[in-house]
Amino acid sequence: MTYTSENLSHQAGEPAHDPESPCTQAQVAALAEQVANLREEMTALRRQQDFLAAQVYRLQTQAAEYEAKTGAEPAKTDVGRPANLPARPGNDPARGCAHDIVRVLQEVGHPLTTLGILEELVRRKLVWGDSTLRHVLAGLVDEGIVKERRDIGPHSYGLK
């Protein structure tokens, strides 16, 4: 006999679960616990992402300083874009992030959620922290460059 949650609960003296019946309190509690665990995991992932973004920024800053001292050419990525992911010293990091956001939205050709923009940036090897992205997106909306598209979904953005 294959053991499932239905026949185990039935054997334990509980009635078999009817798929048409509403969720029990125990099921709701179990789902709430799963959601809480997923939120904790997402928080940990965001912390890791922010840490990695800071490390990339530090390394890019060191590379820029080295290039400035030695006169070496900037490193290139596989698409020919300079590898100064956040920004070189003297440049405004928010401007670099804004440029990357607009570029992604132009290239995909349709609105994206905040998470979708982050995923597209990562796919293009452009690393920005979640809080930086949200801050810059708010600025782009204020400047009228990007429009929040609530008709598509929460936290969706497209070009005007």
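The values are calculated or read from the model by the stated rules, or taken from the named source; none is laboratory data. What you are looking at is a predicted structure, and each value in this text was computed from that prediction instead of being measured. Cβ atoms come from the backbone with ideal geometry, glycine included; neighbour counts cover every protein chain shown.
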Checklist entry - Hey, residue 134 hits all of (1) modelled with pLDDT under 90; (2) under 14 Å from the mean Cα position of the chain (by Cα); (3) of a type in the set (Lys, Arg) but one; which does it fall short on? => result (1)
Next on the checklist: If residue 119 meets every condition in (1) part of a helix (DSSP H, G or I); (2) charged (D, E, K, R); (3) farther than 14 Å from residue 103 by Cα apart from one, which number is that one?
Outcome noted: (3)
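Is it the case, given these coordinates, that residue 160 is modelled with pLDDT of 80 or more and of a type outside the set (A, V, I, L, M, F, W, C)? Reasoning before the result, please.
Numbers: modelled with pLDDT of 80 or more: yes; of a type outside the set (A, V, I, L, M, F, W, C): yes.
Yes.
For residue 102, indicate whether it is of a type in the set (A, V, I, L, M), at pLDDT below 85 and surrounded by 11 or more Cβ atoms within 10 Å (Cβ to Cβ).
Numbers: of a type in the set (A, V, I, L, M): yes; at pLDDT below 85: no; surrounded by 11 or more Cβ atoms within 10 Å (Cβ to Cβ): yes.
The answer is no for residue 102.
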Checklist outcome for this item: Of the residues in segment 17-39, those that are at pLDDT below 85 and surrounded by fewer than 10 Cβ atoms within 10 Å (Cβ to Cβ) number 5
Checklist entry - Are there any pairs, at least 6 apart or on different chains, whose C-beta atoms fall under 8 Å, with the first in segment 42-62 and surrounded by 14 or more Cβ atoms within 10 Å (Cβ to Cβ) and the second part of a helix (DSSP H, G or I), and if so, which? => result 49/130; 50/130; 50/131; 53/132; 57/93
Item to check | Filter result (surrounded by 15 or more Cβ atoms within 10 Å (Cβ to Cβ) and not small (Gly, Ala, Ser)) within segment 105-120 | outcome: 105, 111, 112, 113, 114, 117, 118, 120
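Could you list, in sequence order, the residues of segment 44-61 that are closer than 14 Å to residue 115 by Cα and either over 15 Å from the mean Cα position of the chain (by Cα) or of a type in the set (S, T, N, Q) (or both)?
Going through segment 44-61, the residues closer than 14 Å to residue 115 by Cα turn out to be 45-46, 49.
Listed by number, the list holds a single entry, 49.
Name the residue that is modelled with the highest pLDDT, counting only residues in segment 47-86 that are in a loop (DSSP other than H, G, I, E, B) and of a type in the set (Gly, Ala, Ser).
Pass one, segment 47-86, residues in a loop (DSSP other than H, G, I, E, B): 71-75, 77-81, 83-86.
With of a type in the set (Gly, Ala, Ser) added as a condition, the list becomes 71-72, 75, 80, 83.
On the way: 71: 76, 72: 69, 75: 56, 80: 38, 83: 40.
Here the residue is 71.
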